[in-house]
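Working notes, beginning with the structure itself.
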Amino acid sequence: MGEPRIEVVDDDVELARVGARSIADLVRADPEVTIVPATGETPLGTYAALADLHRDGDLPTEAVSVVQLDEYLGLMSEDRRSLFGWMDRTFLTPLEITGERVTRLPIDGDLDDACAAIDRTLATRGIDLAILGLGSNGHVGFNEPPVSAGAPTRVVHLTPPTVEANARYWGSAQDVPTEAVTLGMRPLLAAASVVVLVSGARKHEIVRRALEGPVGEDVPASFLRTAAGDVTVIVDRAAWEGL
Ligand code: GLP
């Protein structure tokens, strides 16, 4: 554990390049990694750059496992708007990570039981690399504030700022599901490596609060400063300087 390493990059293009390089280095060092890849817009360029490396034979993924970070509840499992669908299109399919190497979060049945089972598995097998984004309210995954550092994988209620931020994908805020399931702070904070990708001036205030404000439940991402492993925050100048 130590202070997060902060890498300020010029723009989206450099974010994708530096993000992909950091992630690819970790995968090359240990091809059997278990990765948790965030959905959202910020990592798209990074995932595309990883896919290019993979296509060129520079990124082995046959032994990579993936655990889903977060998911809406109330959708059919094949719904394109599900976060699984998003992860599948942007990460799993381009990197050819399939089948039993992918752990999907539960969306029906006894959710509490299934979430507890995931945490039990992660407690022994562990997350090697969590690739996270930053919600406008400081959430990581769907760990909405207020949240404790010990919060387990669980069902959560989405807060109005998150519903608002995701309305663009759903047509209107009324259509955004308000229930979700997320990996908890506890398994995320135990990851061996965390790479956080942050882009755009609208993230300026929250990225500064997360990295420079008090560590606490009001800004879930601030707990990354207490994470067990290495934390790298790759942030573009717009977000860092608030330009
Ligand atoms: C979403 C997701 C997160 C994501 C975050 C930031 O609500 N649940 O996993 O990292 O918000 O998204 P974006 O990168 O689009 O700003």
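Observations on the structure shown:
- Looking only at the stretch 40-60, and only at residues there that are buried (at least 24 other Cβ atoms within 10 Å of the Cβ) and not in a helix (DSSP H, G or I), the one that is nearest to the ligand (Cβ to nearest atom): Thr42
- Among residues of the stretch 186-203 that are assigned to a strand (DSSP E or B), those with a Cβ under 9 angstrom from a residue that is aromatic (Phe, Trp, Tyr) and more than 8 Å from the ligand (Cβ to nearest atom), sequence gap 6+ or separate chain, pair up as Val198/Trp240.
- Subset of the stretch 74-130 that is of a type in the set (Lys, Arg) and in a helix (DSSP H, G or I) - its residue that is nearest to the chain's Cα centre (by Cα): Arg89
- Residues of the stretch 159-176 classified as touching a residue at least 40 places away in the same chain (Cβ under 8 Å) and more than 11 Å from the ligand (Cβ to nearest atom), total: 1
- Given (1) surrounded by fewer than 15 Cβ atoms within 10 Å (Cβ to Cβ); (2) among the charged types (D, E, K, R); (3) within 16 Å of the ligand (Cβ to nearest atom), number of the condition Glu144 does not satisfy: (1)
- Taking every residue in the stretch 112-132 that is free of Cβ contacts under 8 Å to residues at least 60 places away in the same chain and pairing it with any residue that is surrounded by 13 or more Cβ atoms within 10 Å (Cβ to Cβ), at least 6 positions away or on another chain, the pairs with Cβ-Cβ distances below 7 Å are Ala114/Pro106.
- Taken together, the residues in the stretch 54-95 that are touching a residue at least 12 places away in the same chain (Cβ under 8 Å) and closer than 14 Å to Pro31 by Cα amount to 11.
Values in this text are rule-based calculations from the coordinates and carry no lab data. Quantities reported herein were computed from a predicted structural model and do not represent experimental measurements. Because the Cβ atoms are built from the backbone with ideal geometry, glycine has one as well, and the counts that use them run over all protein chains shown.
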